[in-house]
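The values are calculated or read from the model by the stated rules, or taken from the named source; none is laboratory data. Keep in mind it's a predicted model, so treat the numbers as computed, not measured. As a convention, Cβ positions derive from the backbone with ideal geometry for all residues, glycine included, and neighbour counts pool all protein chains shown.
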Amino acid sequence: MLNRDALNDMANKIADALPEPARKMQAQFKAQVEEMISQGLKDLKVVTRDDFDRQAEKLSKAEAKLAELEARLNALEPANKK
């Protein structure tokens, strides 16, 4: 998920674009916009960069282990064919 500062920044930009009479309700509007953005990102199943990096690291380790196991298997195969 995006960090809170990024959500606040987006909400502030939208709230600043409001006409003057609507700015009186700015705090309430800002909270609603933040909630809508947050919910929209949840619906899109967006993950944090930290979660992505952890999964990428796990995948890299799994790929390395698979390559190691394939090499060991290939080393054993000629012995089995005799």
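Within segment 24-40, can you find the residues that are modelled with pLDDT under 80 and either in contact with a His (Cβ under 9 Å, 6 or more places away or on another chain) or surrounded by 13 or more Cβ atoms within 10 Å (Cβ to Cβ) (or both)?
Selection gives Q26, F29, K30.
Can you find even one residue in segment 48-68 that is surrounded by 10 or more Cβ atoms within 10 Å (Cβ to Cβ) and either in contact (Cβ under 8 Å) with a residue 24 or more places away in the chain or not in a helix (DSSP H, G or I) (or both)?
yes
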